[in-house]
Amino acid sequence: MINFIEAASILGIKNRVHPMHQKNLSLVFYTRLIQRQQKSHPNAGMSLIEILVVIALTAMLAALAAPAVTFGNNPLRDSSNRIASSFKWARARAISSTSAVRIRPLSNTEFIMERAARCSDTTWTQISDLVEKNGQLVNEDLSLNSPVQVVNPSDNTWSICFDSKGLSETSLQLTFQDMDTNQQRTMEVFSGGAVDLGDIS
C-alpha cells in the first residue's frame, strides 16, 4: 500500500501534508492517484518481445508434449479399441431403438452392423456407414487396421446380437493379432452385454 507521503510527493502536495494523516491514504486520494497513473500510460499493453517470449514458451511446451501422443502408433491397440467401442455402441443402439442390433464378420478384417426387430429375424438392415479407406468402401469403425486380423474364431460364421434390453444371446471371445509383431489382444463380450478388452500380449 502506498503511504501518504509517497502519494503526496507524486501529486505535488508534499509540503501540505499534516503529520497525523501520513499513515494511510484516503480513498479519494488513492482514486486520484490511480487516475493520474492511467492518464500517463493510456496505451499500455504487451510489447513485441513479451509476445514472442510467450509464443516461444508455448512452442517448447508443445514440443515436449508431442512424444506423449501415442494415437496411431499401434494398429493392434487402435483397432481393438475401435471395435470394442463399436460393440458397446451397438448395444446402446439396440436399447435406445428398442430393436435388435447384431454385428457379424464380413472377413477376418471387417465387420458389419445390422438391425432388425428381434434377434431371431431373418431380414436385417445394414446400419453401419460405408467410408472410403485405401481406395475401398469399408464399414466405418468396423474395419481393422492393417496388419491386424481376427485369428480366433478363425471362421467367419459367428455373430453377436443385442436385444432391446441390451442383452446378448451368447457370449463371444475374439482374439486380434498384429501379423507383423505377433502381438495379440483378446476382447470378450458377455451375455449381459458387457465388453471387456484384455491387455496386449
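Values as computed for the structure displayed
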item: Count of the range 144-168 residues which are over 26 Å from the mean Cα position of the chain (by Cα) and farther than 22 Å from Ser107 by Cα; result: 4
item: Hits in the range 181-193 - residues which are out of contact with any helix residue (DSSP H, G or I) (no Cβ under 6 Å at 6 or more places or on another chain) and at pLDDT below 90; result: Ser191, Gly192
item: Of all residues in the range 106-142 being among the charged types (D, E, K, R) and assigned to a loop (DSSP other than H, G, I, E, B), the one that is nearest to Phe176 (Cα to Cα); result: Asp141
item: Wholly enclosed helices (runs of 4 or more DSSP H) of the range 11-104 bearing at least 2 residues under 30 Å from Met187 (Cβ atoms), of a type in the set (Ser, Thr, Tyr) and modelled with pLDDT of 90 or more; result: 75-97
item: Scan of the range 143-201 for residues that are assigned to a loop (DSSP other than H, G, I, E, B), in contact with a strand residue (DSSP E or B) (Cβ under 8 Å, 6 or more places away or on another chain) and among the hydrophobic types (A, V, I, L, M, F, W, C), ordered by number; result: Leu144, Trp158, Met179, Phe190, Ile200
item: Checking Ile95 against (1) of a type in the set (Val, Ile, Thr); (2) in contact (Cβ under 8 Å) with a residue 60 or more places away in the chain; (3) within 15 Å of Ile83 (Cα to Cα), the condition it does not meet; result: (3)
item: Among the candidates Thr186, Thr170, residue that is free of Cβ contacts under 8 Å to residues at least 40 places away in the same chain, surrounded by 15 or more Cβ atoms within 10 Å (Cβ to Cβ), polar (S, T, N, Q) and farther than 14 Å from Ala90 by Cβ; result: Thr186
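The values are calculated or read from the model by the stated rules, or taken from the named source; none is laboratory data. From a predicted model like this one, the values you see are computed outputs, not experimental measurements. Backbone-built Cβ (ideal geometry, glycine too); neighbour counts: all protein chains shown.
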